[in-house]
Amino acid sequence: MSIKAYGAHARDKSLEPMEITRRAPGARDVQIDIAYCGVCHSDLHTVRAEWAGTLFPCVPGHEIVGRVSAVGAHVTDHKIGDLVGVGCIVDSCQHCEECDSGLENYCDGMVGTYNGATPDAPGHTLGGYSQQIVVHERYVLRIHHPEAQLAAVAPLLCAGITTYSPLRHWQAGAGKKVGVVGIGGLGHMGIKIAHAMGAHVVAFTTSPSKRDAAKALGADETVVSCNADEMAAHVKSFDFILNTVAAPHNLDAYMTLLKRDGTMCLVGMPASPHPSPEVFHLIGKRRALAGSMIGGIPETQEMLDFCAEHGIVADIELIRADQINEAYERMVKGDVKYRFVIDSASLSASIPR
Ligand SMILES: [Zn+2]
Ligand SMILES: [Zn+2]
């Protein structure tokens, strides 16, 4: 079936309206009419081929929410009319150790929601800047938030799980002092979720103007990271630091803030390497530097349920599909609080060339 989408035909081209096709739902497939799709930094990096391997045409989007409009004969978990979400993963090998553990995000055969390998036309997956998507039921999440919040739920499917998974893994919660570095799309979710888990949350930012915003998101304290005195006041005090900054920066400044056995986890992907951490800072206090990538499907469901229970959604700015190029320019400048979300209804007004 042919549907409307927004994507790019080449790395140096703007995004524009296009027609794409989706497969007819197979026995275990769920067809979803997309209501909203969040705009992630990975979308921009991929569509501009800033990371290697972008296949064109490229239709980004992996923060998808909508309503089930058809199901295959063997689908048991979802029915027509259900509110559902699709995140960064639409397939995986389904039999490796990672898949068996519900950590499909670490499966070597993981298929991304866009730019992943698929037998479907055009040979790679096309994402959520589109009217509809067809996904194997295993990778479809249930949404229990009120429908009125649906647009603001969309960013949970990437920004939410990317921060929830490490916070859960390193047991952020009551009695723990947790730092969140960077108050952007990922960081603002990290603050909300760590706060809801019961941790004492300290937000790190380079701009003093973000202090009030951080507090409103749930931070107990805010530290301006370029202020040496403010940083020094927190030396050897953190159990865990979630670092969401993708730009290369001095990790040592944060490593020294960790207690003995503390961990800093990186979730931002820099285009060039960070200056390496000073090994002494690791050895001297048995500290760990770690990384984490999105989350598995069961964990993503757990995150959505946790957020519904705690009334957590993203702070968003809703846009039409034809505003996406402008939105990218604003994202590059950091001019978004904190996530753009495309209203998919605007796609029906777009005229393919
Ligand atoms: Zn993303
Ligand atoms: Zn696997």
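The values are calculated or read from the model by the stated rules, or taken from the named source; none is laboratory data. Computed from a prediction, not measured in an experiment: that's the story for all the values here. FYI the Cβ positions are ideal-geometry reconstructions off the backbone, even for glycines, and counts take in every protein chain you see. Just so you know, the surface numbers come from the protein's heavy atoms only, side chains and all, with ligands and any DNA or RNA stripped out. Shrake-Rupley method; radii C 1.70, N 1.55, O 1.52, S 1.80 Å.
Considering T118, T113, the condition of being open to solvent by less than 30 Å² (accessible area, probe 1.4 Å), within 13 Å of ligand 1 (Cβ to nearest atom) and closer than 20 Å to M1 by Cβ is satisfied by T113 alone. Within region 225-269, being without any contact (Cβ under 8 Å) to a residue 24 or more places away in the chain and not in a loop (DSSP other than H, G, I, E, B) holds for A228, D229, E230, A232.
Within region 334-353, the set of residues being more than 15 Å from S130 (Cα to Cα) and within 19 Å of the chain's Cα centre (by Cα) comprises G334, D335, V336, K337, Y338, R339, F340. Inside region 58-110, residues that are more than 10 Å from ligand 2 (Cβ to nearest atom) and assigned to a strand (DSSP E or B) make up a count of 15.
The set of residues in region 299-347 being closer than 26 Å to E137 by Cα, among the polar types (S, T, N, Q) and surrounded by fewer than 22 Cβ atoms within 10 Å (Cβ to Cβ) consists of Q301 alone.
Within region 140-147, is there a residue that is within 16 Å of ligand 1 (Cβ to nearest atom), assigned to a strand (DSSP E or B) and touching a Leu at 6+ places or on another chain (Cβ under 7 Å)? Scanning region 140-147, I find at least one residue that is within 16 Å of ligand 1 (Cβ to nearest atom), assigned to a strand (DSSP E or B) and touching a Leu at 6+ places or on another chain (Cβ under 7 Å), so the answer is yes. Suppose we keep only residues that are open to solvent by less than 80 Å² (accessible area, probe 1.4 Å) and β-branched (V, I, T) within region 280-298. Which one would you say is farthest from ligand 2 (Cβ to nearest atom)? Residue satisfying both the conditions and the ranking: I294.
Can you find a residue that is out of contact with any Phe, Trp or Tyr (no Cβ under 9 Å at 6 or more places or on another chain), open to solvent by less than 40 Å² (accessible area, probe 1.4 Å) and more than 16 Å from W170 (Cα to Cα) anywhere in region 257-266?
Checked against the condition, which is being out of contact with any Phe, Trp or Tyr (no Cβ under 9 Å at 6 or more places or on another chain), open to solvent by less than 40 Å² (accessible area, probe 1.4 Å) and more than 16 Å from W170 (Cα to Cα), region 257-266 yields no hits at all.
Any residue in region 222-234 that is open to solvent by 40 Å² or more (accessible area, probe 1.4 Å), among the acidic types (D, E) and under 24 Å from the mean Cα position of the chain (by Cα)? Scanning region 222-234 turns up no residue that is open to solvent by 40 Å² or more (accessible area, probe 1.4 Å), among the acidic types (D, E) and under 24 Å from the mean Cα position of the chain (by Cα).
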